[in-house]
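The values are calculated or read from the model by the stated rules, or taken from the named source; none is laboratory data. The structure presented is a predicted model; accordingly, all values stated were derived computationally and were not measured. Cβ: placed from backbone, ideal geometry, glycine included. Neighbour counts: every protein chain shown. Only protein heavy atoms, including side chains, enter the accessible area calculation; ligands, DNA and RNA are left aside. Shrake-Rupley method; radii C 1.70, N 1.55, O 1.52, S 1.80 Å.
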Amino acid sequence: MKDRLLIIDDNAAVRATLRLLLSDEFEEVTAIENPSMIATLLQPGSYDAVLLDMNFDCGALDCSDGLFWLERLKSLPNPPAIVVITAFGDVDIAVKAMKLGAEDFITKPWDNDVLIEKLTKAIAKNRRLRQEREAARRASELEEAENERLGLTLDEVKMRHVRSVIDSCGGNLSAAAQQLGVNRQTLYNLLKKA
C-alpha cells in the first residue's frame, strides 16, 4: 500500500512541481496553499505525511508561520510524519523544527531522490513510534487490569468467574451451573449473595 501525502506550500509552482514529482511515489498527493485548511483535511489516519513549507508570508521569512503550524500538527492525536521545507532555513530553524517534532528538514531547491528518501524514512519512523506508543498503552491497560485483579477478595474473584461463565453460556443458568460443577440452586444462592 502506498502512502498518502499532504503538501502545504503557498507557492503554486512549488506545489505543482512537488505533486508531479511525488505522485508516482505516493498513492495520494494533495497540495494546498493555505495551512488553515489543515484542521479540515487532517482527520486521524487521513495522511501518512505532511510536507510543510516554513514561510507563508512574503514579508516575514523567519519561518515563524511554519513553526506555528508544525506545533499545531504535532499536537493532534496520532499526527502524521512531518517534513519541513524552506528556501530560507538555516541550522537554527532546522533545530527548532526538530525539537517541535519534525521528522526531517529539506531546503529549497531540493534533490528529488533525497526528498523522496526523507519522506519515506519519516513515515517509517512515525509509524514505528505510533506502534510503540500503542504497545505501551496496551501494556499499561493490562498492568492496570492485573493490579485491579490482584486487589480483589476471593469472593470477588469467584463472582467474576461465575459471571463470566454465565455470559459465555448466553445467560443460560442451567448450562452455567453444569459448567461450574454445581447444581442450579447453588448457582442461584451464589447470585443472591452478590
Exercise. Based on what the data block shows, is Arg137 basic (Lys, Arg) and either in contact (Cβ under 8 Å) with a residue 40 or more places away in the chain or under 30 Å from Ala49 (Cβ atoms) (or both)?
Worked result: yes
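What number of residues in region 1-24 are part of a helix (DSSP H, G or I) and free of Cβ contacts under 8 Å to residues at least 24 places away in the same chain?
Number satisfying all stated conditions: 7.
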Exercise. When region 4-24 is examined, which residues are found to be under 17 Å from Ser46 (Cβ atoms) and open to solvent by less than 30 Å² (accessible area, probe 1.4 Å)?
Worked result: Leu5, Leu6, Ile7, Ile8, Leu22
Exercise. When you scan region 141-186, how many residues do you find that are under 30 Å from Asn78 (Cβ atoms) and open to solvent by 60 Å² or more (accessible area, probe 1.4 Å)?
Worked result: 8
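Matching residues to (1) touching a strand residue (DSSP E or B) at 6+ places or on another chain (Cβ under 9 Å); (2) at pLDDT 90 or above; (3) farther than 22 Å from Glu33 by Cβ; (4) among the charged types (D, E, K, R):
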position: Lys74; (1), (2), (3), (4): yes, no, no, yes
position: Thr86; (1), (2), (3), (4): yes, no, no, no
position: Gly89; (1), (2), (3), (4): yes, no, no, no
position: Asp92; (1), (2), (3), (4): no, no, yes, yes
position: Gly101; (1), (2), (3), (4): yes, no, yes, no
position: Lys121; (1), (2), (3), (4): yes, yes, yes, yes
position: Lys125; (1), (2), (3), (4): yes, yes, yes, yes
position: Arg128; (1), (2), (3), (4): no, yes, yes, yes
position: Glu132; (1), (2), (3), (4): no, no, yes, yes
Exercise. Do the conditions hold for Glu134, that is, is it exposed (fewer than 14 other Cβ atoms within 10 Å of the Cβ) and either farther than 30 Å from Glu103 by Cα or in contact with an Asp or Glu (Cβ under 9 Å, 6 or more places away or on another chain) (or both)?
Worked result: no
